[in-house]
Every structure is written in structure tokens, then in C-alpha cells.
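Before I ask anything, here is the structure I am working with.
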Amino acid sequence: MERIRKRLKENIMSIDQLRDVKLITALITPFHEDGSINYDALPELIEHLLAHHTEALLLAGTTAESPTLTHDEELELFAAVQKIVNGRVPLIAGVGTNDTRDSIEFAKEVAKFGGFAAGLAIVPYYNKPSQEGMYQHFKAIADASDLPIIIYNIPGRVVVEMAPDTMLRLAEHPNIIGVKECTSLANMAYLIEHKPKDFLVYTGEDGDAFHAMNLGANGVISVASHTNGDEMHAMLEAIENSDLKTAAAIQRKFIPKVNALFSVPSPAPVKAVLNHLGFEVGPLRLPLVACTSEEAKRIIKVVLEEDVEATRETVTGVVRPDY
């Protein structure tokens, strides 16, 4: 009973930390050329993000290339980021895998590690679980760990999709506090309409932020905020102030940049732009590869608005892959 009371209190604190957070950056992992983590690049990158309106950071998510990080590396990364951030913004830790037992053990380890508002756990990939399997997976993690859990629903990466009604079943669990939703706006609307009051709903799609926020989402977990945080913030602020004309105008100019940032497998494009800007974020770990020089030139021109024709090509010619 005491553990349940403690968990409920901690979850209330976690929800309070995140309730007013609209812009969460899914932090990339900087690497040296030999593939080791470049911890020296983190301070400048994080200060850049905080200066451009990042309100919370997600560590060891998809954008961080988490499938290529060991748990020991993730814990070292967590410690380094916590030292730099020093409590200025909430932190969310990626804790999920396609192995329920491993996810439980790592979530418990991160809970003991401390300093995180929540843990993000992905719908299991490769295994292709049923809806009941998904439910039991997340319930098992939430039951076993004191770390509040945010579900990550991204069928483009994991093949299977958690149905809204399964999500709503899990939303009743006292240790599951929210979702990063990367499905349809119709699903998001249904979730927002039927969810418990304090259940947090974030879009994980930069391009859907305008529509998701107008549906009532809490915010966006963003990749584009690495390079275009000011624009994302301005759009979110305009929506908050009911200035939809301004927000829509920002969104229209923002979409080509989002398309460019996902025109080849992420996070290669955002790393190309950051390296161009002087942040030493380095290469990617295999099986992901860096952009070709031609891809990088095109992406940089669009994202940094250096070439009108390239922007026009991105609007009309690039199909964004699932990421």
C-alpha cells in the first residue's frame, strides 16, 4: 500500500512537470567518427536547444539511435545530460524494447537512477503482438516499475499499431501517464475525446503539430526543434493565443522543412543540418548511414531556407518515409 501511495504521488508530480510542456525535443546522440558517443558535443547542443524553446528532452528515443545503444551507454548518456541540464527542464528516458522482461528491468534501473519525469516505452517491434499482447506488455512494465510510463505508438517503425481502445484501457493504469502518438489524426481525436482527464497526449509527428494541438493534444515530441525550434514555438504560441491565421501561416512554411528532415531515414537529415551549423554531432551508427553530399545539400537548403527552388521541389517531389 505504501508503494502504491508513493507511486501515485510521484506520478502526480510527473504529470505536473509535463502538463504545461508543449515542445519536447527527441535528442540526437552525437558520435565520434569511430562510433563512440561524443559527450563533449552535448553541452553546446543542449544549450542551443534550450535557447530555442525546447521545454523538455527525450533521451534514448528513436532519434537518439537507441537500437544501437547499449543500456550502459544509455545510462552514461543520461548522467551526462542530467549534469548539463541541472534541473532546468524535465527529462524523459527511453526505456522500452520488444522484450518485456528487458523493458521491465531497464525501467526499474532508470527509476533507481532518478531524475526523470517519465520513461517512454515503444510498442514492441518485430514480435507483432496482438492488442492483448500489447496491453499485457505495458501493464507488466507499469506494474513492475515506479517510473511513470509514456506509451510510444509508431506503427511505421514497429509494423503493428496499438488501437485507440487498447490505449484507453492502459490509460486507466495509475502508472501510465501518456502517449506519444504517431498514427492518424482520427485516432488522436478519439483518444483526446475519451481519455482520462490527466492522461497526456503528444504527437510524435512534426508535420501534424498544428492539427494535433487544435484537437487538444498537450504538445509535440519533435525532431525538427533541433534546427527550427523558434518556428515550432511560434506556431504553438499562436495556437495557444487562438491566433490560428498566424499558426497556419507558420505551418505552411514549416511543412517543406519537415518533409526535408524525413526525406531519408532519420536522424540522418537533422544530423546533416546540425553538422553544417557547426555542432559536432558526427555520423550515424550502422545500419543507418549519413546523407549523401547531394542529399545533405538539398536538405540544408530547405531547412535553413537557403534555396527557394529546393523548397518547391521538397513540397512537390519528396515522399516522407515512416520514421
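Around residue 94, which amide H atoms from residues at least 5 apart in sequence, or from another chain, sit under 5 Å from its own amide H, with H modelled in the peptide plane?
Under 5 Å from the amide H of residue 94: 59, 60, 61, 120.
May I pose another question? For the pair residue 214/residue 83, report the inter-label distance in nm, with labels modelled 7 Å from Cα in the Cβ direction.
4.6
Could you line up 39, 152 from fewest to most neighbouring Cβ atoms inside 10 Å? Before the final figure, lay out the partial values.
Details: 39 16, 152 24.
With the sparsest Cβ surroundings first, the list reads 39, 152.
For the chain, with only Lys/Arg (+1) and Asp/Glu (-1) charged at the beta-carbon, what is the dipole magnitude about the Cα centre, in debye rounded to 20?
In debye, rounded to 20, the chain gives about 720.
Turning to a different aspect of this structure: Just to be sure I understand, if you calculate Cα extents along the principal axes in Å for this structure, which of [x] 62, 46, 38; [y] 72, 47, 45; [z] 46, 45, 39 do you get?
Looking at Cα extents along the principal axes in Å for this model, the match is [x].
Which trypsin sites (Lys or Arg not before Pro) in the stretch 97-204 sit in a loop by DSSP (not H, G, I, E or B) and have at most 13 other Cβ atoms within 10 Å of their own Cβ?
Listed in order of number, the matching sites are 197.
How far apart, in nanometres, would the label points at residue 165 and residue 237 be if each is projected 7 angstrom from Cα along the Cα-to-Cβ direction?
That separation, rounded to one decimal, is 4.4 nm.
In the chain, with Lys and Arg counted as +1 and Asp and Glu as -1 at Cβ, which of these residues, 278, 59, 144, has the Cα nearest the positive end of the dipole, that is, farthest along it?
144
Something else about it: Considering only Cα-Cα distances, which of the following residue pairs are longer than 20 Å: 108/271; 257/301; 139/195; 108/195? Show your work: numbers first, answer last.
Values: 108/271 31 Å; 257/301 9 Å; 139/195 17 Å; 108/195 26 Å.
Distance filter (> 20 Å) returns 108/271; 108/195.
Here is a further query. Neighbouring Cβ atoms within 10 Å as the yardstick, rank 261, 304, 286, 170 fewest first.
Ascending Cβ contact count within 10 Å gives the list 286, 304, 170, 261.
Go through 115, 90, 199 and say which Cα lies farthest out towards the positive end of the charge dipole of the stretch 2-243; charges sit on Cβ, +1 for Lys and Arg, -1 for Asp and Glu.
199
Can you figure out the FRET efficiency of residue 130 with residue 101, using R₀ = 25 Å and their beta-carbon distance, to the nearest 0.05? Walk me through the numbers before you get to the answer.
Details: r = 18 Å, r/R0 = 0.74.
The pair residue 130/residue 101 has a calculated efficiency of 0.85.
Next question. Could you list 182, 291 in order of exposure, starting from the residue whose Cβ has the fewest other Cβ atoms within 10 Å?
291, 182
Under a Cβ-only charge scheme (Lys and Arg +1, Asp and Glu -1), can you give me the dipole magnitude of the stretch 223-288 about the Cα centre, in debye to the nearest 20?
Computed charge dipole of the stretch 223-288: roughly 320 debye.
Can you tell me how much longer the chain between residue 249 and residue 286 gets when fully stretched, taken as 0.36 nm per residue apart minus their C-alpha distance, in nm with one decimal?
Roughly 9.5 nm would be gained on extension.
Every read-out reported here was derived from the displayed coordinates using simple, explicitly stated rules and does not represent laboratory data. Everything numeric here is computed off the predicted structure, so don't read it as measured data. Cβ sites come from the backbone with ideal geometry, for glycine too, and all protein chains shown count toward neighbours.
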